[in-house]
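Comments concern the structure below.
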Amino acid sequence: MLANQPSLTLYLLPLLQRLWPGFLPGLYRASLLSQQWQTPDMLLLTLKVSGRWPGFVPGQHIVLTLKHNGRYLSRPFSICSSLKRWQSQRQIQLCCKINSIGEFTPLLAQLPDNSLLNISQAQGDFYWQQPALPAVFIAAGSGITPIAAMLLSQRHWLAPVSLYYRVRGQENAALLSELEQLAARQPLFSLQLSDSCTTPSATLQQQVIANAASKQFFLCGPAAFMAQIRAALVSSGVDAASIQQEQFGLAMPALPTVTSDSPTLTGHFIRAGISKAVTLNPQQSLLQNAEQHQLSPQFGCRIGVCFQCVCDKVSGQVRDIRTGSLSGHGVEQIQLCVSQPVTELVIKL
Ligand code: FES
């Protein structure tokens, strides 16, 4: 059994990938219908998703996986389109910020139409649970994406809702026309653009806290921006429990603290029949441990999605970084990128 993934499908992975190039267990196929620049650096992808994909709650994100130069690369993106679009057309949209010097996002702009991609199930717990209560949404930059999905999906408007959308110039406001159309047809929804070139952040904070009583708050944007808004709200008397915010990236549980009493772990990595003994850092993944000893194991996504780092564990116990679950002590396959050493280990690379 594969310690990190119980599915027998993994044993057949090479064969399945020969039959269906790009197949990855646990993921769903999506084909690229179109790309459209929303701003100079925000690209809107429209994807037709597999009928097997289980759907999403507006505000959630997916992990998108691409193959490039023989390696799988993965990144999380929030869905920005409405639930209705998926329900009626099996389409979702992702509004992706393209980082021109990044490894992943520039590839998105080069994808030909009808490219086949892999997407994960929808993930995350950033969603609008009580639409009957007055709400204030505050987004900055690409933080608009999950918030747009929540607002554009809302069918029954029951209470006043405000959106403060902080951008550096109106030309950088992605998804603005859809949100303006929503504001024009829905009297309970108001949209306020806050331009950081002309409006100080203190002004935005004053606007937000002016009518903060008895509201729910939803924040999404850069960490420093959210921290400032949250601090202003809490210091004005808003209950912290009524503030939700999106944290991008994959949640990994806190690791056990390593103290001076913690045992030093030894690992043996075997390659081509030659064993190399190394000291293992229990706070790092086995992939990182191996790389620090110049062993260069194969890898792709580094987040447990692509299975390119699967190796045979000969003996010893590992912890799954994502779930905290422990493996057995005997022979089994593990994913190096999401496994941490718990005991001494012998691993075949
Ligand atoms: S590198 Fe992709 S699963 Fe480990």
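Every number in this text was worked out from the coordinates using simple rules, so none of it is lab data. Remember, it's a predicted structure, so these values are computed and weren't measured experimentally. Note that each Cβ is placed from the backbone with ideal geometry, even for glycine, and that neighbours are counted across all protein chains shown.
Return the long-range amide H neighbours of residue 122 (sequence gap of 5 or more, or a different chain), with a cut-off of under 5 Å between placed amide H atoms.
Long-range HN contacts for residue 122: 55.
Within 10 Å of each residue's Cβ, count the other Cβ atoms and sort 220, 197 from fewest upward.
197, 220
If the reach is capped at under 17 angstrom between alpha carbons, list the aspartates and glutamates near residue 48, excluding any in the same chain fewer than eight residues apart.
Hits, sequence-local ones excluded: 113.
Could you tell me which residue out of 265, 46, 74 lies farthest along the dipole of the chain toward its positive end? Charges go on the beta carbon: Lys and Arg +1, Asp and Glu -1, centred on the Cα centre.
Of the listed residues, the answer is 46.
Dividing the Cα radius of gyration by the Kirkwood radius, what Rg/Rh value follows for segment 28-184?
Ratio of gyration radius to Kirkwood radius for segment 28-184: 0.96.
Most exposed first by the Cβ proxy, i.e. fewest other Cβ within 10 Å, how do 344, 246 rank? Provide the component values of the computation, followed by the final result.
Working: 344 15, 246 22.
With the fewest neighbours first, 344, 246 line up as 344, 246.
For segment 265-348, which semi-axes, largest first and in whole Å, follow from the square roots of 5 times the eigenvalues of its Cα gyration tensor?
Details: eigenvalues 54, 43, 29 Å².
The three semi-axes for segment 265-348 are 16, 15, 12 Å.
Can you give me the relative contact order of the chain as a percent, contacts being Cα pairs under 8 Å and 6 or more apart?
Worked out over the chain, it gives 16 percent.
What is the Cα radius of gyration of the chain over 2.2 N^0.38 Å, N being its residue count? Numbers along the way, then the final one.
Values: Rg = 23.0 Å, N = 349, 2.2 N^0.38 = 20.4 Å.
Dividing the Cα radius of gyration by 2.2 N^0.38 Å gives 1.13.
With θ set to phi - 60° and the Karplus curve 6.51 cos²θ - 1.76 cosθ + 1.60, what are the ³J(HN,Hα) couplings of segment 36-53 in order, to the nearest whole Hz, using x for Gly and Pro?
Ordered by residue, 3J(HN,Hα) equals 8, 6, 8, 9, x, 10, 10, 10, 9, 9, 10, 10, 9, 9, 3, x, 7, 5 Hz.
Just to verify a number: FRET efficiency for residue 107 and residue 240, C-beta to C-beta distance, R0 = 30 Å, to 0.05?
Computed FRET efficiency for residue 107 and residue 240 comes out at 0.15.
With a 10 Å Cβ neighbour count serving as the proxy for reagent exposure, in which order, fewest first, do 61, 268 appear?
268, 61
Taking the Cα centre of the chain as origin, sum charge times position over the Cβ atoms of Lys and Arg (+1) and Asp and Glu (-1), and report the length of that vector in debye to the nearest 20.
Approximately 720 debye in magnitude.
If the convex hull of the alpha-carbon atoms of segment 135-245 is projected onto planes in all directions, what is the mean projected area in square nanometres?
On the way: hull surface 25.9 nm².
Directional mean of the projected Cα hull area for segment 135-245 stands at 6.5 nm².
Please list the three semi-axes, largest first and in whole Å, of the ellipsoid equivalent to segment 25-119, using sqrt of 5 times the eigenvalues of its alpha carbon gyration tensor.
Over the Cα atoms of segment 25-119, the semi-axes work out to 20, 16, 12 Å.
Based solely on its DSSP helices, what 222 nm [θ] is calculated for the chain when runs of n ≥ 4 H residues each add -39,500 (n - 2.57) and the sum is averaged over all residues, nearest 500 deg cm²/dmol? Could the numbers behind the result be given before it?
Working: 8 runs with 69 residues, N = 349.
Taken over the chain, the calculation gives -5500 deg cm²/dmol.
A 21 angstrom limit on the alpha carbon distance is what I want to check against. Which of 276/348; 67/348; 67/97 exceed it?
From 276/348; 67/348; 67/97, over 21 Å: 67/348.
Say the dipole of the chain comes from +1 at the beta carbon of Lys and Arg and -1 at that of Asp and Glu; which of 130, 296, 65 then lies farthest toward its positive end?
Of the listed residues, the answer is 65.
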